[in-house]
1. Quick test for you: out of 239, 215, 220, pick the one residue that is within 10 Å of the ligand (Cβ to nearest atom) and either in contact (Cβ under 8 Å) with a residue 60 or more places away in the chain or touching a helix residue (DSSP H, G or I) at 6+ places or on another chain (Cβ under 9 Å) (or both).
2. I'm trying to understand the selection: among the residues of the range 223-236, which are within 10 Å of the ligand (Cβ to nearest atom) and either of a type in the set (A, V, I, L, M) or over 22 Å from residue 27 (Cα atoms) (or both)?
3. Could we say that residue 7 is open to solvent by less than 60 Å² (accessible area, probe 1.4 Å) and either closer than 30 Å to residue 220 by Cα or modelled with pLDDT under 95 (or both) here?
4. Only one residue in 50, 65, 75 is touching a His at 6+ places or on another chain (Cβ under 9 Å) and free of Cβ contacts under 8 Å to residues at least 40 places away in the same chain. Which one?
5. When only residues in the range 172-200 that are among the hydrophobic types (A, V, I, L, M, F, W, C) and touching a residue at least 40 places away in the same chain (Cβ under 8 Å) count, which is surrounded by the most Cβ atoms within 10 Å (Cβ to Cβ)?
6. Exactly one of these conditions fails for residue 114: (1) farther than 20 Å from residue 194 by Cα; (2) crowded, with 23+ Cβ neighbours inside 10 Å. Give me its number.
7. Quick one: what pairs do we get from the range 129-153, first residue farther than 12 Å from residue 194 by Cβ, second of a type in the set (D, E, K, R) and part of a loop (DSSP other than H, G, I, E, B), C-beta under 8 Å, 6+ apart or different chains?
Amino acid sequence: MRRPLIAGNWKMNGSLTMAAELAGALVVKMKGAGTPAFDMLICPPFPYLAAAAAMIEGSGIQLGAQTCHAAESGAHTGEVAAKMLADVGCTHVLLGHSERRADNGETDAMVRARAEAAHAAGLVAVVCVGETEKERDAGQTIAVVTGQLKGSLPDGITAADTVVAYEPVWAIGTGRTPTEAEVQEVHAAIRAELASRFGKAVADGVRILYGGSMKPSNAKGLMALPDVDGGLIGGASLKAEDFWACAEAAG
Ligand code: PEP
């Protein structure tokens, strides 16, 4: 009943030419696919959002940014407001990615404020959570992820305005992944946390993506898990063939 979402996080990669080529290649595949059984989202760097929006128009591919500021406007040099993202065609925004938590000191409270701003602008907030290797080794994975959810999710979320992405920090860009059983265990705990705070109907509807070294060879097994509703894909989203293969594994 939850439609898989395949999201590509391009991070700080590419060029205008590459963005246009990659988006264009995905549009061709999307058009050839007829009625795909998944939703597809691409999240290019800020400067390429408008060009990507023009490329994917009418294809069914959705557009997201990689962060937004919590304020509506004002003296925040270098920042981008959620409304500006909506203005250029974004429907989604990634929030609290571990690279932003590490590089920019984003706390759970900051992620929550950004998610509230995203919702106010009509964007779907894709809220990222995940443990470090040290935390996993210490047996703290569920406590850490649950704590991040408590702090990062606004009150009153709905299945339509929020997606959760579970991304173990140690699996991002490393080629390593948890076992399928470990992924399912965390996703089930995330859904249980959502149910206890927002109710069963919301928890049953919210899509929970797995992210961390997802690629064509492991996508099928990961996405077949009962509480995995798609993927947030970094490296493999930069090649149309690989990203598409992951998407087909979900459908
Ligand atoms: C990510 O950056 O969100 C990610 C999951 O990266 P990768 O797929 O490269 O591990």
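1. Of the residues listed, the single one that is within 10 Å of the ligand (Cβ to nearest atom) and either in contact (Cβ under 8 Å) with a residue 60 or more places away in the chain or touching a helix residue (DSSP H, G or I) at 6+ places or on another chain (Cβ under 9 Å) (or both) is 215.
2. Step one: filter the range 223-236 for residues within 10 Å of the ligand (Cβ to nearest atom), giving 231-236.
Passing the criteria: 232, 233, 236.
3. Working: open to solvent by less than 60 Å² (accessible area, probe 1.4 Å): yes; either closer than 30 Å to residue 220 by Cα or modelled with pLDDT under 95 (or both): yes.
Yes: the conditions hold for residue 7.
4. Values: 50 fails: touching a His at 6+ places or on another chain (Cβ under 9 Å); 75 fails: touching a His at 6+ places or on another chain (Cβ under 9 Å).
So the residue among 50, 65, 75 that is touching a His at 6+ places or on another chain (Cβ under 9 Å) and free of Cβ contacts under 8 Å to residues at least 40 places away in the same chain is 65.
5. We begin by selecting, within the range 172-200, every residue among the hydrophobic types (A, V, I, L, M, F, W, C); these are 172, 181, 183, 186, 188-190, 192, 194-195, 198.
Applying the additional criterion that residues be touching a residue at least 40 places away in the same chain (Cβ under 8 Å) yields 172, 183, 186, 189-190, 194, 198.
Numbers: 172: 21, 183: 21, 186: 25, 189: 18, 190: 23, 194: 23, 198: 19.
For the range 172-200, the residue satisfying everything is 186.
6. Of (1) farther than 20 Å from residue 194 by Cα; (2) crowded, with 23+ Cβ neighbours inside 10 Å, only one is false for residue 114: (1).
7. 130/167; 140/131; 141/131; 144/131
Residues are listed down the side, and each one gets a yes or a no for (1) within 16 Å of the ligand (Cβ to nearest atom); (2) more than 23 Å from residue 167 (Cβ to Cβ); (3) among the basic types (Lys, Arg); (4) surrounded by fewer than 19 Cβ atoms within 10 Å (Cβ to Cβ):
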position	(1), (2), (3), (4)
73	no, yes, no, yes
78	no, yes, no, yes
85	no, no, no, no
91	no, no, no, yes
99	yes, no, no, no
108	no, no, no, yes
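The values are calculated or read from the model by the stated rules, or taken from the named source; none is laboratory data. Bear in mind that the values here come from a model prediction, so they are computed numbers and not experimental data. Positions of Cβ are generated from backbone atoms using ideal geometry, with glycine treated the same way; all protein chains shown enter the neighbour counts. Keep in mind that these areas ignore ligands, DNA and RNA; they rest on the heavy atoms of the full protein, side chains included. Shrake-Rupley method; radii C 1.70, N 1.55, O 1.52, S 1.80 Å.
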